[in-house]
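Below: the structure, in structure tokens.
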Amino acid sequence: MYNRPVFVYSLNQACQKSDWPLHKFECPALVAHAEKRGTTSESDEGSTEGNVGTVFVPSETVRALGRLVWLHSREKSDGSIGGQRKEFELLESHRDKLEPSSPQTISYTRLGHALSSYVSHGAPDTNKLLELRLGSAKDIVDLLSKAGALSNAHTLSTPSLTPIGVALSPVAALINHSCVPNCVVVFPKASETKKVPNEMLIIAIGKIPPGEEVQIPHTLGKQKILQERYFFKCHCPNCETTSLVKTPYVDSRRALRCASKSCEGFLPMPRLDDSKLKRTEVQCLQCNIVCTIEPPAIADAIRLGEEGLERAEELQFSDPERAFKYTSNLIPMVSRFFHPSAHPLLALSRLHLSLLISRLDLDRSILDEAIRAAARVAAGISAVLPAGHPVRAVTYAELGKLLAVDEYYPEGQEPPEPTSAQLDPKANLTWVAGDEMGIPKGFERLRLAHHTLMQARQELLIGFGHSEEGGAVGKEVTELARKIEQEVAIWRKAGGGKRPVSIS
């Protein structure tokens with residue numbers, strides 16, 4: 001007999017109360033699922049199941065779909081369609097595009113079985129499914145297709161963009177996607193006075209002329225994946241230019257690095273599908289030097305990088321040490337060929353940075369390594385995303401906060417005292433994100449931290465909204481920049497010496 005309790009935690013009593021109309025349906029389903037999984041070896045087909053302690057819970061995809069089904073079932077008891085369901089029905093179903101033996105069809109079949117079992121509190125129950133308006137396979141496939149197995153959903157994230165769940169909004173799902181978006185979806189959580197402090201917002205990150213389509217970003221990926229998984233082909237300027245333009249053009253997401261160490265320019269990616277092409281020459285679009293490229297070596301680097309990235313992502317929580325070894329070994333190899341903005345180097349760099357930050361509390365000696373990693377990510381992100389994009393804004397905030405941390409010095413070493421030239425308010429900053437050579441020390445690092453945080457603040461105000469004060473991260477960055485500004489002023493007034501004690 002299974003007798004372990006199943007708990008769902010809410011942020012506070014208000015959240016618990018507002019969620020109860022849906023959770024009262026979810027609660028018995030979760031308990032039934034835990035009992036079933038606790039007494040059998042059977043697992044949900046097609047869904048990655050989470051084991052919280054010793055209590056089994058369905059994947060977030062199955063849970064989100066279940067909540068959607070219960071939400072729709074309680075809207076109208078007379079068979080008519082309520083407002084929220086009507087919005088959902090406007091979404092496009094790709095049921096007619098599914099091939100019988102395609103991976104997507106197989107995935108939908110397994111997910112449909114998992115969902116049917118979950119909302120039936122055990123094995124699929126025809127009567128219960130009829131009550132929930134899932135009386136036929138067509139109904140289930142339509143639901144999965146319109147939800148896109150949640151490809152029409154948005155990642156629910158913390159104000160710092162850490163993924164924590166799934167958010168479903170039919171209105172937001174109607175907005176088309178682009179690699180060059182003019183809007184973003186965020187959860188800024190800035191105002192404590194709002195009734196719903198963490199609501200989804202659509203924020204314009206640039207001027208949108210009357211009549212121009214509103215577009216939000218999609219996860220960076222290959223056109224083939226977008227087409228197969230989401231039945232979507234991106235027609236944004238970047239993707240169209242890459243295939244149509246005959247003049248030299250480089251998509252920063254597929255850019256090779258120039259052979260000149262002093263140049264940050266892009267090299268165009270050569271053809272990788274021609275087995276006879278062993279070596280070719282391409283010209284840097286910035287410094288114009290001609291570089292010799294070996295396509296087979298680049299293809300191998302992409303393959304190894306993507307395989308290693310996938311493995312490291314699988315291990316980042318269960319075995320972070322092994323994940324760290326993967327990223328540490330792969331980044332130097334991939335960096336030989338690719339610009340910091342290119343895939344898979346950018347994704348590897350972002351994962352490597354998160355692993356470094358998680359180790360900082362235990363090993364302060366890796367602070368400079370973390371700053372270099374953050375600078376590499378900032379250089380890559382800024383080449384891919386427009387100013388004001390939330391990911392770019394948070395990336396700069398992360399770099400600024402790392403630069404603001406008290407420096408690590410081995411026992412017996414002292415931090416350098418600033419010179420009079422460095423204390424001069426008109427002195428130039430000598431280090432920029434992307435330069436991995438020498439990181440400024442002491443006073444110059446503090447100035448750089450302030451400069452980076454102020455840049456982050458400007459972009460946070462765009463990406464998370466001026467009315468939201470840049471969200472929770474914007475408020476944090478503003479306060480940290482204020483404290484650093486006070487430290488810099490005290491240091492200048494003292495005419496040098498050691499770093500002042502942080503001001504609260």
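We did not get these values from a lab; they are worked out from the coordinates using the rules stated. Keep in mind it's a predicted model, so treat the numbers as computed, not measured. Note that we place each Cβ from the backbone using ideal geometry, even for glycine, and neighbour counts take in every protein chain shown.
Structural remarks
- Too-long pairs where the Cα-Cα distance tops 22 Å, listed order kept, from Lys401/Lys498; Lys17/Lys86; Lys426/Lys475; Lys86/Lys146: Lys17/Lys86; Lys426/Lys475
- Peptides 381-390, 118-127 ordered by average Cβ neighbours within 10 Å, highest first: 381-390, 118-127
- Qualifying chymotrypsin sites (Phe, Trp or Tyr not before Pro) in region 263-334, where qualification requires a DSSP coil assignment and no more than 16 other C-beta atoms within 10 Å, comprise Phe317.
- Between Glu212 and Asp406, the modelled label-to-label distance comes to 4.8 nm, taking each label 7 Å out from Cα in the direction of the beta carbon.
- What the Cβ-Cβ distance of Ser420 and Arg482 gives, at R0 = 30 Å and to the nearest 0.05, is a FRET efficiency of 0.70.
- Residue-span extension gain [Arg279 to Gln413] - 0.36 nm each, minus C-alpha spacing: 43.3 nm
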